[in-house]
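Here is the structure we will look at.
The values are calculated or read from the model by the stated rules, or taken from the named source; none is laboratory data. These numbers were taken from a predicted model, which means no experiment stands behind them. Cβ: placed from backbone, ideal geometry, glycine included. Neighbour counts: every protein chain shown. Calculation scope for accessible area: heavy atoms of the full protein, side chains included, ligands and nucleic acids excluded. Shrake-Rupley method; radii C 1.70, N 1.55, O 1.52, S 1.80 Å.
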Amino acid sequence: MEIGLIKKIVEEYGLCVWCVGRQIVKNPMKFYERGVEIYGKIGKKLKLRCDFCDGFFEDEGFFKQLNEELSKYEFRTFDVGVTLDSKKIELEDEMRSKYKVIGGLTIKKAILAFSRAMISRHTSKYVDLKNPDLRVYISVRNGKMSYTVKTKTVFLEIRITKQERGAKIRALSLIHISEPTRPLYISYAVFCLK
């Protein structure tokens, strides 16, 4: 993308350094670096947040809080889902269409890629799109960011051995699962035969 075109986009839409960078590169860890380089070429003062991202990429506190929450879980794999204001998506579609922007990442894909990279970097866990141990849902709406963590459903398989022939089992009830207040893998479960 030529510098003159980027300058027009920045002037009209007020893109921040991060959002300029994501129009050019797909690697979320290079958005800032590339954006700073472009801002230098167009002679603009660095801007760290804009109407597209609401400062999402700049908010280290958000990821610190999210990673503290994730440290309470035992998991090997994860995935991320993102919800944005529809106005942001429409505004970006308008901009990309008007200036025929090809390549880079849309705001939704950029937040998704950046979030996956940040979580993976801080937890040393892997993204699994098909069957993750947990999912992180991130919402960026009205300038506010939030997240929800959901774990995979746990299934218990039980084998019952009767001590005497002909004995009937009327009911089986769950009494206790270890560490019920923490979202960890279940280490044991206690049942009662009635």
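Could you go through segment 63-70 and let me know if any residue there is among the polar types (S, T, N, Q) and open to solvent by less than 30 Å² (accessible area, probe 1.4 Å). Checking segment 63-70: at least one residue is among the polar types (S, T, N, Q) and open to solvent by less than 30 Å² (accessible area, probe 1.4 Å).
The residues of segment 8-60 that are of a type in the set (Asp, Glu) and either open to solvent by 60 Å² or more (accessible area, probe 1.4 Å) or more than 25 Å from Ser86 (Cβ to Cβ) (or both), listed by number, are Glu11, Glu12, Glu33, Glu37, Asp51, Glu58, Glu60. Of the residues that sit in segment 97-123 and are on the phi > 0 side of the Ramachandran plot and either among the hydroxyl-bearing types (Ser, Thr, Tyr) or surrounded by fewer than 19 Cβ atoms within 10 Å (Cβ to Cβ) (or both), which one is modelled with the lowest pLDDT? Here the residue is Gly103.
Annotation note: Cβ proximity below 6 Å between a residue of segment 129-154 that is under 21 Å from Lys64 (Cα atoms) and of a type in the set (D, E, K, R) and a residue that is open to solvent by 100 Å² or more (accessible area, probe 1.4 Å) and part of a loop (DSSP other than H, G, I, E, B) (sequence gap 6+ or interchain) occurs for Asp133/Arg76. So Phe75 clears everything in (1) more than 30 Å from Thr153 (Cα to Cα); (2) surrounded by 17 or more Cβ atoms within 10 Å (Cβ to Cβ); (3) hydrophobic (A, V, I, L, M, F, W, C); (4) over 14 Å from the mean Cα position of the chain (by Cα) except one condition, right? Which one? So the condition that Phe75 fails would be (1).
Take segment 124-134 and flag every residue that is at negative phi and open to solvent by 80 Å² or more (accessible area, probe 1.4 Å).
Those that are at negative phi and open to solvent by 80 Å² or more (accessible area, probe 1.4 Å): Tyr126, Leu129, Lys130, Asn131.
The numbered conditions (1) surrounded by 16 or more Cβ atoms within 10 Å (Cβ to Cβ); (2) farther than 20 Å from Phe114 by Cβ are all true for Glu94 except (1).
Return yes when Lys30 is in a helix (DSSP H, G or I), of a type in the set (D, E, K, R) and within 19 Å of the chain's Cα centre (by Cα) and no when it is not. The answer is yes for Lys30.
Under the condition of being among the polar types (S, T, N, Q) and part of a helix (DSSP H, G or I), the residues counted in segment 51-108 number 4. All of Glu37, Glu60 fail the test of being acidic (Asp, Glu), farther than 19 Å from Leu112 by Cβ and out of contact with any strand residue (DSSP E or B) (no Cβ under 9 Å at 6 or more places or on another chain), apart from Glu37.
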